[in-house]
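Some notes on the structure that comes next.
The values are calculated or read from the model by the stated rules, or taken from the named source; none is laboratory data. What you see is a predicted model, and the numbers here were worked out from it, not measured in a lab. Please note: Cβ atoms are built from the backbone with ideal geometry, for glycine as well, and neighbour counts cover all protein chains shown. In case anyone asks, the SASA skips ligands and DNA or RNA and just uses the protein heavy atoms, side chains included. Shrake-Rupley method; radii C 1.70, N 1.55, O 1.52, S 1.80 Å.
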Amino acid sequence: MNTPSRSIRTAVCWTAIVALLVATPIASNATADERKLHTFERKQLTDVYLSEGANAGDINGDGHRDVVYGPYWFEGPDFTKKHEIYPPKPQPRERYADNFFNWVYDFNGDGHNDVFVVGFPATPAFVYENPGKDGRGKHWKKHQVFDSVANESPHFTNLVGDERPELVCTFGGTFGFATIDWRRPLETWKWHRISEEKAPEQFGHGLGVGDVNGDGKLDILTAAGWFEQPAESPEDRPWAFHKAAFTNAYGGAEMYAYDVDGDGDNDVITSLAAHDFGLAWYEQQKSGDETKWKMHLIVGAQPAENRYGVVFSEPHSVALVDMDGDGLKDIVTGKTFYSHHKQSPMWDAGAVVYWFKLVRNKDETGAVYRPSGKPNVDWIPYKIDGEAGIGRQVSIADVNGDKLPDVVVGGMVGAHVLVQRAENVSEEKWKAAQPKPFDGASQPTLKRGPASNIDKSTGKVAGAIEGEEMTVVKASAGKASAQDMASFKQDRWSGGKQLFWIGAKPGDTLELEFEAADKGRYELHAAMTMAGDYAAVELALDGEKLTPPLDLYHYPDVVTTGAVVLAVRELDAGKHRLTVKIAGANLAAKKAYMFGLDYLVLSAAK
């Protein structure tokens with residue numbers, strides 16, 4: 001049901017314009033005027049799922065920006081009064097909305113801003129014509145302007161330099177853009193195919209606009225490379241395609257070309273996997289006529305992959321904007337809560353929104369420099385909110401006219417405006433509030449061992465006690481059975497199988513029995529399986545603890561731990577019990593708490 005609009009003082013973040021050394025904030029040289037406390041006030045407009053996106057613009061001409069979310073527009077600056085654009089219908093959270101993106105623009109030049117809506121991928125796009133003051137109590141006239149908008153990150157922006165926007169998307173399995181005949185803007189827009197490169201027919205992730213090569217013309221970016229805008233007549237000729245891997249998975253969200261490190265050429269900013277993990281920037285490196293792209297991970301699948309321990313999944317939308325007025329563009333993104341329902345890792349984690357402050361290293365003169373072998377930038381994460389999420393579209397707008405960028409979002413948890421406030425603070429308060437480097441102490445650890453030495457003739461590790469052949473004495477919960485691993489091509493399993501335990505929860509145990517042929521002092525080696533839904537486990541031998549929690553999380557591939565040394569123990573000849581206890585899971589893992597044992601090897605200890 002709808003809930004009243006509410007204002008909640010939420011997450012606090014701090015910034016300062018200071019000298020930095022190796023991307024470590026140093027506040028001693030900053031003045032009080034330069035240290036600012038940034039807070040964000042969350043205004044919930046509705047908790048009903050109506051759209052995957054929201055945006056802002058002046059709908060009623062009163063000089064205040066209003067918010068558009070699905071079938072409603074909410075009057076600014078308070079957003080307590082809403083009006084219908086078209087008949088409202090709550091969308092099914094276990095499926096997807098019929099409205100994904102909203103943009104506010106005066107298409108017919110009558111002085112009243114209209115609303116452009118892109119729906120579920122590969123469905124038509126519509127302009128809802130603003131009826132003006134006299135017709136505002138009625139539903140708006142709907143104009144279908146494009147037959148099918150594909151890709152999950154379309155852009156409505158000025159692409160070809162004519163001072164009016166175009167729609168960048170994919171259509172009919174091709175990359176390109178749609179232009180508007182401004183004499184008849186509410187009639188069908190014209191498609192311009194830019195290349196023979198094939199695009200996904202419906203979905204597809206990762207699409208952007210930016211000047212990649214510095215020629216002053218905007219190019220189109222994709223997860224697999226970029227299309228170079230030609231010098232003349234971009235609507236009428238193919239665009240050259242330059243291959244580049246701007247993802248380590250399948251692609252993310254909106255992409256941008258921006259000079260991150262200040263070296264004079266534009267780099268690429270993108271999320272890596274819209275429904276999984278990853279935010280990165282790709283450094284453009286030139287050697288003669290050759291261009292290479294070096295990935296620098298900002299947020300990964302594990303806390304240790306971010307300097308400050310930040311991890312969240314489903315970064316399905318990314319915005320690039322100067323959030324704090326320091327002249328450098330920052331990243332705004334977060335969790336598209338429930339974007340793939342329960343299929344995504346960390347699907348039930350908080351619906352967070354972050355902004356990442358771009359900071360470049362400077363020497364004592366203020367000049368940008370690069371430490372030897374390291375990128376010269378840091379992205380400092382500040383949590384804006386923990387409940388709003390971002391949907392498929394995160395919009396930035398100054399909704400109250402205070403010249404500070406605010407964040408407008410809509411999605412499965414409803415629509416929210418996150419209003420930014422800024423005030424000067426003391427040096428002591430600023431220092432106390434800075435994000436702290438991640439020390440990793442709270443996470444289970446596991447260093448992968450060397451690859452298993454699998455004999456080509458037998459397909460097994462010599463002397464291995466195969467996991468799938470061990471006797472299952474007892475499982476406190478779930479089921480343990482043999483699993484064929486032939487379909488997982490990123491690694492090899494001894495015998496091609498493993499012992500697979502599923503259905504367990506933290507605290508549950510699995511007891512396995514194996515036999516030592518002779519009495520002696522043994523070094524115990526094991527190979528286990530690692531994947532995005534595997535647990536952290538503790539191992540014990542005959543009731544004696546062998547290991548601290550071992551983190552079996554790995555993303556995105558299913559692999560083995562390799563041959564890991566567990567312990568050295570004196571063993572009698574005969575039967576022994578290996579106990580596996582579910583200790584928990586990595587913060588980034590899907591909480592399925594799976595466990596897989598490839599094999600155990602007993603080798604004579606030196």
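Below, the figures for the structure above:
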quantity	calculated
Cross-link pairs beyond the 28 Å C-alpha cut-off, checked among 43/505; 479/575; 294/447; 133/217; 141/403	43/505; 133/217; 141/403
Solvent exposure of segment 475-606 as accessible area per residue, Å², 1.4 Å probe	42
20 Å Cα-Cα reach of residue 489 towards lysines, excluding residues that sit fewer than 8 places from it in its own chain	456, 460, 497
For the chain, share of DSSP beta bridges that run antiparallel, in % to the nearest 5	95
Long-range amide H partners of residue 259 with built H, under 5 Å	267
Segment 195-338, dipole about Cα centre (Lys/Arg Cβ +1, Asp/Glu Cβ -1), debye to the nearest 20	560
Extreme residue, positive dipole direction of the chain, given options 120, 499, 308 (C-beta unit charges)	499
For peptides 45-52, 319-326, sequence by mean Cβ density within 10 Å, most packed first	45-52, 319-326
Fully extended contour minus Cα-Cα distance, from residue 402 to residue 542, at 0.36 nm per residue	43.7 nm
Calculated FRET value between residue 297 and residue 134, using beta carbons and R₀ = 45 Å, to 0.05	0.25
Residue-span extension gain [residue 290 to residue 243] - 0.36 nm each, minus C-alpha spacing	15.7 nm
Potential lengthening between residue 78 and residue 519 on full extension [0.36 nm per residue; Cα-Cα distance subtracted]	150.9 nm
Unit charges at the beta carbon, dipole of the chain: most positive-side option, 145, 573, 561	573
Förster-model FRET efficiency, 60 Å R0, residue 198 and residue 572, C-beta, rounded to 0.05	0.40
Relative contact order [Cα under 8 Å, 6+ residues apart], segment 149-297, whole percent	16
Highest to lowest packing among 352-360, 174-182, scored as the average C-beta count within 10 Å	352-360, 174-182
Spacing of the two label points (7 Å from each Cα toward its C-beta) at residue 326 and residue 606, in nm	5.1
Percent accessible area from carbon and sulfur atoms, the chain, protein chains only, probe 1.4 Å	48
Residue 98 - accessible surface, heavy atoms, 1.4 Å probe, Å² rounded to 10	90
3J(HN,Hα) from dihedral phi, segment 313-328, Karplus parametrisation 6.51/-1.76/1.60, rounded to Hz, x for glycine, proline	9, 6, x, 7, 8, 9, 10, 10, 7, 7, 7, 10, x, 8, x, 10
Contact order relative to length of segment 208-262, as percent, for alpha carbon pairs under 8 angstrom and 6 or more apart	35
Amide H partners (placed H, <5 Å) of residue 120, local residues excluded	99, 100
Calculated FRET efficiency for the pair residue 41/residue 162, C-beta based, R₀ 41 Å, to 0.05	0.60
In order through segment 127-136: 3J(HN,Hα) via Karplus (6.51 cos²θ - 1.76 cosθ + 1.60), integer Hz, x for Gly, Pro	10, 9, 7, 5, x, x, 4, 6, x, 6
About the Cα centre, charge dipole magnitude for the chain (Lys/Arg +1, Asp/Glu -1 at Cβ), debye	1580
Whole-angstrom gap from segment 562-578 to segment 481-548, using each part's C-alpha centre	12
Per-residue ³J(HN,Hα) for segment 112-117, Karplus 6.51 cos²θ - 1.76 cosθ + 1.60, θ = phi - 60°, Hz, x for Gly and Pro	10, 5, 9, 10, 9, 10
Exposure of residue 557 as accessible area (Å², to 10), given a probe of 1.4 Å and all protein chains	60
Over segment 199-279, equivalent-ellipsoid semi-axes from the Cα gyration tensor in Å	22, 17, 8
Reachable aspartates and glutamates from residue 590, criterion Cα separation under 16 angstrom, eight or more residues apart if same chain	276, 314, 348, 533, 551, 557
Per residue accessible area of segment 39-126, 1.4 Å probe, in Å²	36
